Amino acid sequence: MAAQIIDGKAVAQRLRGEIKTKVADLVAHIGVAPHLVVVLASDDPASAVYVRNKGKAAEEVGIRSTQHTLPANTEKAALLELIQKLNADPDVDGILVQLPVPKQHDTEALIRALDPAKDVDGLHPLNAGLLSRGDESGLIPCTPKGCIKLIESAGVDLAGKHAVVLGRSRLVGRPVADLLLNRNATVTTCHSRTKDLAQEVGRADVLIAAIGKEELVKGSWVKFGATVIDVGINRNPAGKLTGDVAFPGAAERAAAITPVPGGVGPMTIACLLENTLIAATRRRVMR
Ligand code: GUN
């Protein structure tokens with residue numbers, strides 16, 4: 001039986017439509033649009049594309065966006081100063097520092113410097129800590145949030161399911177494991193030192209692959225009837241985008257699976273817009 005292909009583009013488009021309506025309501029109420037600031041401090045061309053897409057998507061739903069582009073050799077102190085300035089600016093609702101940043105910067109220090117109320121990536125220790133305690137009232141990282149929305153869009157109830165997460169990053173693996181646990185899944189997190197990855201994957205009712213290695217997960221590893229969420233975006237030597245999961249084989253066994261591209265990617269941006277709306281509403285209305 002062929003798997004249901006989870007259409008991330010369609011789910012994201014629906015979410016963006018809902019956000020657009022809520023942004024218009026907020027603007028009608030307070031007279032000003034939410035404001036997202038995106039900081040690009042590297043000269044990585046892929047990051048430049050991501051940042052541009054984030055800005056464009058924001059404008060489409062009525063969120064103002066400003067991009068700060070800094071030269072790749074910008075000093076550590078100068079970037080920290082910019083963050084402090086944005087923290088202090090009452091007209092800024094959300095701050096996103098596109099990662100990775102060049103080596104001279106201390107990524108952890110940058111994240112800690114953000115005002116947690118403006119941390120639309122949900123990476124600040126306060127937001128991450130709340131999430132890990134089962135409190136989802138902070139800002140929640142965009143890609144993990146998008147993964148959960150996709151699972152829910154496929155009609156899967158996570159309670160009691162065995163969820164296996166591949167990867168333990170600050171951006172995806174750890175927060176998505178927290179979200180799954182908060183929804184009463186039994187969660188296994190795998191990483192580079194996991195002994196038998198194929199065996200762990202084979203137990204997954206829900207598999208989240210966020211390792212960043214082209215087609216690492218073979219189709220034959222996937223449990224029959226599983227829900228497979230592929231977070232990987234890898235460019236193979238032929239220039240084609242591939243996920244962390246070998247799609248054709250996995251689609252023969254899974255009940256539902258996300259494609260790459262067109263799965264998780266569009267959800268990350270939609271959830272960033274949602275977080276910006278949440279941050280703006282809390283800062284400007286709920287104080
Ligand atoms: N680089 C890759 N993904 C992300 C993301 O979600 N947020 C930020 N800030 N940088 C990224």
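Between the DSSP loop rule and a limit of at most 16 other Cβ atoms within 10 Å, which trypsin sites (Lys or Arg not before Pro) in region 122-165 are left?
Arg133
With r defined as the distance between the Cβ atoms of Phe224 and Lys85 and R0 fixed at 45 Å, what FRET efficiency is calculated, to the nearest 0.05?
FRET efficiency, Phe224 to Lys85: 0.25.
Starting from the Cα-Cα distance between Lys213 and Ala238, subtract it from 0.36 nm times their residue separation and give me the gain in nm to one decimal.
Extending this stretch completely gives an extra 7.5 nm.
Between region 115-144 and region 206-274, what is the separation of their alpha carbon centroids in Å?
Between the Cα centres of region 115-144 and region 206-274 lies a distance of 24 Å.
Express as a percent, rounded to the nearest 5, the fraction of DSSP beta bridges in region 203-258 (both residues included) that run antiparallel.
20
What full-extension length gain, to one decimal in nm, is calculated for Ile30 and Ala109 as 0.36 nm per residue of separation minus the Cα-Cα distance? Don't skip to the answer; put the middle values down first.
Working: separation 79, 0.36 × 79 = 28.44 nm, distance 3.36 nm.
Difference between extended and current length: 25.1 nm.
Between their Cα atoms, which of Lys145/Lys195; Lys9/Lys161; Lys20/Lys161; Lys9/Lys213; Lys76/Lys118; Lys103/Lys213 are more than 31 Å away from each other?
Lys20/Lys161
Take His191, project a point 7 Å from its Cα along the Cβ direction, then tell me which residues of region 136-176 have their backbone nitrogen under 14 Å from it.
The answer is 165-176, whose backbone nitrogens lie closer than 14 Å to the label point.
Can you give the angle from 0 to 90° between the axis of helix 264-284 and the longest principal axis of the chain, with both taken from C-alpha atoms, to the nearest 10?
In the chain, helix 264-284 runs at an angle near 40 degrees to the longest axis.
For Glu136 and Ala159 in the same chain, what is the full-extension length gain: residue separation times 0.36 nm, less their Cα-Cα distance, in nm?
Stretched out fully, the Glu136 to Ala159 stretch lengthens by 6.6 nm.
Compare Asp157, Asp91, Asp205 in a GNM of the chain, Cα atoms joined below 10 Å, and give the one with the largest fluctuation.
It is Asp157.
Give the residue from Gly8, Pro71, Ala58 lying farthest towards the positive end of the charge dipole for region 1-90; charges sit on Cβ (+1 for Lys and Arg, -1 for Asp and Glu) and the dipole is referred to the Cα centre.
Gly8
If you restrict to DSSP beta bridges whose two residues both lie in the chain, what percentage is antiparallel, to the nearest 5?
Numbers: 2 of 31 bridges.
Taking every DSSP beta bridge with both residues in the chain, the antiparallel ones total about 5 percent.
Under a 10 Å cutoff between Cα atoms, tell me which one of Leu139, Leu166, Leu110 has the largest fluctuation in the Gaussian network model of the chain.
In the Gaussian network model the winner is Leu110.
No value in this document is a laboratory result; all are computed from the given coordinates. Source: prediction; values computed, not measured. Glycine also receives a Cβ, built like all others from the backbone with ideal geometry; neighbour counts cover every protein chain displayed.
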